[in-house]
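Scroll down for the structure; my scribbles are underneath it.
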Amino acid sequence: MAVVKIRRERCKGCRYCVESCPHGVLDMSEEMNQRGVRFAVVVEEEQCTGCTLCGVMCPDAAIEVYK
């Protein structure tokens, strides 16, 4: 199983990571970060295959995936 780390303070809420994940691992939080936007969170970590699409799609380098 892979581990997804999200730097919530860097997330701008664009949802690219959520839309690119083929397994529905990510979603947007109900909380807001210091930018005042809902940030990405891991909701189904056990479904993560470590494909790294979320990290590749993130324009702010807020996501790291560890296998």
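The values are calculated or read from the model by the stated rules, or taken from the named source; none is laboratory data. These numbers were taken from a predicted model, which means no experiment stands behind them. Glycine also receives a Cβ, built like all others from the backbone with ideal geometry; neighbour counts cover every protein chain displayed.
Quick notes on this structure:
- Only listed residue being β-branched (Val, Ile, Thr) and within 10 Å of the chain's Cα centre (by Cα), chosen from VAL56, VAL37, VAL3, VAL42: VAL42
- Any hit, region 35-46, residues being at pLDDT below 95 and in a loop (DSSP other than H, G, I, E, B): yes
- Residues located in region 23-52, provided they are without any contact (Cβ under 8 Å) to a residue 24 or more places away in the chain and closer than 16 Å to TYR66 by Cβ: THR52
- Applying the condition of being out of contact with any helix residue (DSSP H, G or I) (no Cβ under 9 Å at 6 or more places or on another chain) and either assigned to a helix (DSSP H, G or I) or at pLDDT 95 or above (or both) to region 56-67 and asking which residue is surrounded by the most Cβ atoms within 10 Å (Cβ to Cβ) yields ASP60.
- Members of region 24-55 found to be surrounded by fewer than 13 Cβ atoms within 10 Å (Cβ to Cβ) and in contact with a helix residue (DSSP H, G or I) (Cβ under 9 Å, 6 or more places away or on another chain), listed by number: GLY24
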